[in-house]
1. Could you sort 72-79, 33-40, 44-51 so that the peptide with the highest average Cβ count within 10 Å comes first and the rest follow in order?
2. Seen from all sides and averaged, what is the projected area of the convex hull of the Cα atoms in the stretch 35-75, in nm²?
3. Taking the Cα centre of each part, how many Å lie between the stretch 61-75 and the stretch 1-43?
4. Please work out the FRET efficiency for the pair residue 1 and residue 72, using the Cβ-Cβ distance as r and a Förster radius of 22 Å; give the result to the nearest 0.05.
5. What does the helix-only formula give at 222 nm for the chain: each DSSP H stretch with n ≥ 4 adding -39500 (n - 2.57), the total divided by the residues, and the result rounded to the nearest 500 deg cm²/dmol?
6. State the percent of C-alpha pairs, over all pairs in the stretch 2-85, separated by a distance greater than 21 angstrom.
């Protein structure tokens, strides 16, 4: 079980690093917004993996709040981009 946890940690850390690079180097604001949304999804996956590994369900409300905030921020950026494009 420890090997699986280490593998998941390495994969999530690599994905977070790549998303962070895209957020910094993104040529447009929409690229940065998508990279930030992906980074938030990676954070949610990491918290969920930690909760599954420790078999502790106290992190579930945190996951719900972070997911809702990510959804609201994505919708807000999309509406801003559409309004800005008109």
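Just so it is clear, none of the values below were taken in a lab; they were calculated from the coordinates. Since we're looking at a predicted model, the values are computed, not measured. Please note: Cβ atoms are built from the backbone with ideal geometry, for glycine as well, and neighbour counts cover all protein chains shown.
1. Values: 72-79: 12.4, 33-40: 18.2, 44-51: 15.5.
Highest-to-lowest ranking by the protection proxy: 33-40, 44-51, 72-79.
2. Details: hull surface 10.0 nm².
The orientation-averaged projected area of the Cα hull of the stretch 35-75 comes to 2.5 nm².
3. 16 Å
4. Values: r = 35 Å, r/R0 = 1.61.
Once the sixth-power term is evaluated, E becomes 0.05.
5. On the way: 3 runs with 76 residues, N = 86.
After summing the helix terms and dividing by residue count, I get -31500 deg cm²/dmol.
6. Working: 1380 of 3486 pairs.
Of all Cα-Cα distances in the stretch 2-85, 40 percent exceed 21 Å.
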